[in-house]
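Worksheet: one structure, shown below.
Nothing in this text is a laboratory measurement; each read-out follows from the coordinates by a stated rule. Please read these numbers as outputs of a predicted model, since none were measured by experiment. Note that each Cβ is placed from the backbone with ideal geometry, even for glycine, and that neighbours are counted across all protein chains shown.
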Amino acid sequence: MKICVIGTGYVGLVDGACFAETGNEVTCVDVDQEKINLLLQGTIPIYEPGLAEIVERNVADNRLHFTTDLTQAVQNSEICFISVGTPPNEDGSADLSHVLAAAKDIAQAMNGYKVIVDKSTVPVGTADKVAEVIAQNSDQPFDVVSNPEFLKEGNAIDDFLQPDRIVVGANSDKAFKMMAELYSPFTTAGASLIKMDTRSAEMTKYAANAMLATRISFMNDLANLCEIVGADINLIRQGIGSDTRIGNTFLLAGAGYGGSCFPKDVKAIIKTAKENGYRLRLLESVEDVNHDQKQVVAKKTIQYFAGDLTGKTIAIWGLAFKAGTDDMREATSIDTIDLLLAAGATIKAHDPEALQTARRVFGDKITYSDKNYEILDGADALLVLTEWNEYREPDFDKIKNSLKQPVIFDGRNMYN
């Protein structure tokens, strides 16, 4: 099939590359000419394992194209995916300006029947708003579909190519049949194709992320109590995770969740509830727990040094919000470093992939190194904030000999 993908961020670029990988002709569109130039030169602007190889292969096979010419991309396509950002507004609601602008641009370019797919994570009712914008700007026939993505950064390629389910919200049989054809390589391999209305599909994405965020905050809250009473949260995780009713995923206690999805989506669904006269009290608490948890490591560090970090150098391993990505959106490292700097500390940091991202966040406020042991020399403590594999089995003797004091604050519970 011929498709276009509007937006070349984490979702759009992965979607476009993977659709091309299954034999479709895909055109990825972005307003950022610099980003498109990089992609045309073979440079991937984000870090996602396996993505560069798929992009290179499908560009070479002439199945994957990059352009800023939205009109031509839309006119040459049967299905148009909207994969632009939906950042949170100050009140927690999702900013739909990019989605609706993309819808208007698609409408003005349409030259016949199109299926317009909301791939971005959007609040309930967005498909209706997109349909309204398109109807106002085009007299061509169309259908709007909600097709939420369930990709984990760091594992997005496998998640796309080997999905456990595909959710398609469509109010038209014609549109659903076209989506079913597009996803037939995955359903043939065993993935479930779940058909529902657009509003249910929109809510499904928020519900999934809210549930996973709830499990994380529950374990973090419990971990704080375990520390007080002398219990071991890792043993408790094994004990409850072996219960088939609970399962063992998303039960790792740590320094809080971050990234582009959980924080934003929890805020957005809370805001949606309030706009409809209802309070999601459990999710409000989930958000409160996570806000506090992202400050735990910094507060423990400050307490350890009697409340004053003046003259102290703190080494930090891990800046990305999780391993396998260079994404620092809502990362625990940001809250931690801000608190440590305010307490007078000097910060030296390492991350295998996120150093360039960190420079955009912190500028020259901290020191960066691409060698993790290098930043330990003369430091007063080591904080581990991201669970990268290279941090899991370090040389503890080397760490101890390098630090002024033998103290590690393990924000991801990786060490005994």
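Counting only Cα atoms, I'd like the Rg/Rh figure for the range 120-235, Kirkwood definition for Rh.
We get a ratio of 1.15 for the range 120-235.
Under 5 Å between amide hydrogens, which residues at least 5 positions from residue 316 or on another chain qualify, with H placed 1.01 Å from N in the peptide plane?
Correct list: 348, 349, 350, 383.
Quote the charge dipole size of the chain about the Cα centre in Debye, to the nearest 20; the model charges only the Cβ of Lys and Arg (+1) and of Asp and Glu (-1). Show your work: numbers first, answer last.
Numbers: 40 positive and 59 negative charges, 136 e Å.
With only Lys, Arg, Asp and Glu charged at Cβ, the dipole is about 660 debye.
Want the number for residue 234 to residue 300: 0.36 nm per residue separation, take away the alpha-carbon distance, what's left?
That works out to 21.8 nm of additional length.
Stokes-Einstein diffusion coefficient for the range 2-196 at 20 °C in a medium of 1.002 mPa s, Rh from the Kirkwood formula over Cα pairs: what value in µm²/s?
Working: Rh = 16.7 Å.
Translational D for this selection: 128 µm²/s.
Between the alpha-carbon centers of the range 3-58 and the range 288-308, tell me the distance in whole angstrom.
Each part reduced to its Cα centre gives a spacing of 39 Å.
Toward the positive end of the charge dipole of the chain, about the Cα centre and with charges on Cβ (Lys, Arg +1; Asp, Glu -1), which of 68, 80, 401 goes farthest?
401
Charges only on Cβ, +1 for Lys and Arg, -1 for Asp and Glu: so what's the dipole of the range 296-410 about the Cα centre, in debye to the nearest 20?
Working: 14 positive and 19 negative charges, 66 e Å.
The dipole magnitude comes to about 320 debye.
Just to check I understand the Karplus step: with θ = phi - 60° and J = 6.51 cos²θ - 1.76 cosθ + 1.60, what whole-Hz values come out for the range 203-218, glycine and proline as x?
For the range 203-218, the Karplus curve yields 6, 4, 5, 5, 4, 5, 5, 5, 5, 5, 4, 4, 4, 5, 5, 4 Hz.
Mind giving me the FRET efficiency for residue 360 and residue 31? R0 is 30 Å, r the Cβ-Cβ distance, nearest 0.05 is fine.
Plugging the Cβ-Cβ distance into 1/(1 + (r/R0)^6) gives 0.95.
Amide H of residue 5: which non-local residues (sequence gap of 5 or more, or other chain) have their own amide H closer than 5 Å, using H built in the peptide plane?
It is 27, 28, 29, 81, by chain and number.
Which value, to two decimals, describes the C-alpha radius of gyration of the chain once divided by 2.2 N^0.38 Å? All intermediate terms of the calculation are to be shown ahead of the outcome.
Working: Rg = 23.0 Å, N = 416, 2.2 N^0.38 = 21.8 Å.
Normalised by 2.2 N^0.38 Å, the Cα Rg of the chain equals 1.06.
When the label point is put 7 Å from the Cα of residue 137 along its Cα-to-beta-carbon vector, which residues of the range 66-99 have a backbone N closer than 15 Å?
Under cut-off, by backbone N: 69-75, 80-85, 96-99.
Return the calculated 222 nm mean residue ellipticity for the chain, to the nearest 500 deg cm²/dmol, obtained by summing -39500 (n - 2.57) across DSSP H runs with n ≥ 4 and dividing by the residue count.
-13500 deg cm²/dmol, from helical runs alone.
Which values of log₁₀ I(q)/I(0), to two decimal places, follow from the Debye formula for the range 206-293 at q = 0.11 Å⁻¹ with a uniform point scatterer at every Cα?
Taken in order of the listed q values, log10 I(q)/I(0) reads -0.32.
Post the alpha-carbon centroid distance, the range 122-190 to the range 220-287, in whole angstrom.
Cα centroid of the range 122-190 versus Cα centroid of the range 220-287: 28 Å apart.
What Rg and what Dmax come out for the range 64-121 when only alpha-carbon atoms are used, in angstroms?
Looking at the range 64-121, its Cα Rg and Dmax stand at 12.6, 39 Å.
Students often check this: by mean Cβ neighbours within 10 Å, which of 70-81, 282-293, 190-201 ranks highest, and how do the rest follow?
Sorting 70-81, 282-293, 190-201 by mean packing, highest first, produces 70-81, 282-293, 190-201.
Does anyone have the angle between helix 281-293 and the longest principal axis of the chain? Alpha-carbon axes, 0 to 90°, nearest 10?
50
Give me the Kirkwood hydrodynamic radius of the range 309-416, using the inverse of the mean 1/r over all pairs of distinct Cα atoms, in Å to one decimal. Walk me through the numbers before you get to the answer.
Values: mean 1/r = 0.0735 Å⁻¹.
It is 13.6 Å.
Looking at the range 104-231, how many pairs of lysines come closer than 15 Å at the Cα, when each pair is eight or more places apart or spans two chains?
Summing the qualifying lysine pairs gives 11.
Mind giving me the nanometre distance, one decimal, between the label points for residue 68 and residue 53, set 7 Å out from Cα along Cα→Cβ?
3.3
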